[in-house]
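Comments concern the structure below.
The values are calculated or read from the model by the stated rules, or taken from the named source; none is laboratory data. Only a predicted model underlies this, so the values are computations on that prediction, with no experimental measurement involved. When we count neighbours, we look across all protein chains shown, and the Cβ atoms used for this are built from the backbone with ideal geometry, even at glycine. Ligands, DNA and RNA are excluded from the accessible area calculation, which covers all protein heavy atoms including side chains. Shrake-Rupley method; radii C 1.70, N 1.55, O 1.52, S 1.80 Å.
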Amino acid sequence: MPAPLTEGNTGLPAEGERSQWSGRHPRVLQGDGYLKLQNVTKSVCRAVLIAIVMATMTSAANAQQVVRADEAQPTAVQPTAMVVQPAAQPVYVAAVGDPYGFVNWLNTTRAQYGLSAVGYDPNLTNWAAMNNNHQSSRGMGHYVMGPARRQNSAMGAYANIGAMWMASPAHRAALLDPTIRFVGIAGAGAYWTYNAY
């Protein structure tokens, strides 16, 4: 284990002593309170010197732009009329393949909560249709999800399912999950399934 660094022990090899890096890397020597580099090419030194000069010039230029508070002159501010434009409402194009227009409704709802829009995934719709087939024979429930991370099931008319899901905290959380990017929905008779990932 190497000796700890102290005022007398810098961890550097003594002058004239070889280290594992000798001959392969610049040699660092200590003397007269300064560190000296040996075997460093002139181009490396020039590049380091230019970088130091540029940093110094930039700092000096920035320092000249700073105005002390006691030196600042007060200026009169003229009142002006301000016209406030209402925020533009996002326009959503119906998702290609979404036969119900559900993605358009969902994106409008998500925008009201400051959430990003989601896209339509026909694969998620296929999995939702499989869940509906199970619901038709076994009753309402979550039977298959496929790759979905979120799923809502409902029974009723399509016109009411959005409102029903938004009225339920757990179902609303699935609709307004900020991490979802794609959704699918399918209906079979009175059964509906929404899938999302």
Under a 1.4 Å probe, counting only protein heavy atoms, R150 has an accessible area in Å², nearest 10, of 70 Å²
For the pair A117 and A159, the simple spin-label estimate (label points 7 Å beyond Cα toward Cβ) gives in nm 2.7 nm
Using eta = 1.002 mPa s and T = 20 °C, Stokes-Einstein with Kirkwood Rh from Cα pairs puts D for the stretch 151-190, in µm² s⁻¹, at 197 µm²/s
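Between M166 and S136, what length in nm is gained on full extension when 0.36 nm per residue of separation is reduced by their alpha carbon distance?
Working: separation 30, 0.36 × 30 = 10.80 nm, distance 2.35 nm.
Separation in residues times 0.36 nm, less the Cα-Cα distance, equals 8.5 nm.
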